[in-house]
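Notes to accompany the following structure.
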Amino acid sequence: MIPIKHIEKAAETDAELLLLFKDSGNQDVLAKLYLRYTDLVYGTCLKYLKDGESAKDAVMNIYHELVRKLPNHEVENFKSWLYVLAKNHCLMQLRAAKKMVTVEFQPGLMQSEDFEHLDTVLEREQDFKKLEYCMEQLPDEQKQGIQLFYLENKCYNEIVEQTGMEWNKVRSLIQNGRRNLKICMEKNG
């Protein structure tokens, strides 16, 4: 790997860093290039997704798309290409979200308010019991990742520091844990 000092001296323009990354595959070079535009990517994601946390996740996912896609594409203007990549990533997320089924609300089918609150409490209690059960079914590392990320509100970097795992492994554990929880919850009613 090329030390960061040599990267800074050897390549300053986007085109130089891009060429250096394509030649070496060094992710430090790509990270330096990407960091120049994270505000642009975050702003683009926030504009389309309208949610700060979703936008932050998208910024991370877009970096991983870059690692995969850049070696296979000829990019003349990195900033413009990155903007289009971020926009398309967000549009794909929105398109996937639209596939979720929505049901029309019919107030005539509502129970009286006295029982509505009780039903909600009982449903939540059942959901918590299912969630507890499904959490116990997860492999230990996935369970730990889910607990730290969702229950203790830790970011990926904090989890990396706390567990000593690599960033990509933490991301993978959380995504797989979330998917496995969803599957388990659906199986159990």
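Read-outs: derived from the displayed coordinates by stated rules, not from any lab. Remember, predicted model here, so these are calculated numbers, not experimental data. Because the Cβ atoms are built from the backbone with ideal geometry, glycine has one as well, and the counts that use them run over all protein chains shown.
Structure summary
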| quantity | calculated |
| --- | --- |
| Cut-off 15 Å between beta-carbons: net charge of the residues surrounding V160, Lys and Arg +1, Asp and Glu -1 | -2 |
| For a label point 7 Å along the Cα-to-beta-carbon line of R68, residues of region 34-61 with backbone N under 14 Å | 60-61 |
| Isotropic mean projected area of the C-alpha convex hull, region 4-98 (nm²) | 6.0 |
| Proximal lysines relative to K50, as straight alpha-carbon distance under 19 Å, when same-chain residues fewer than 8 apart are discounted | K87, K98, K99 |
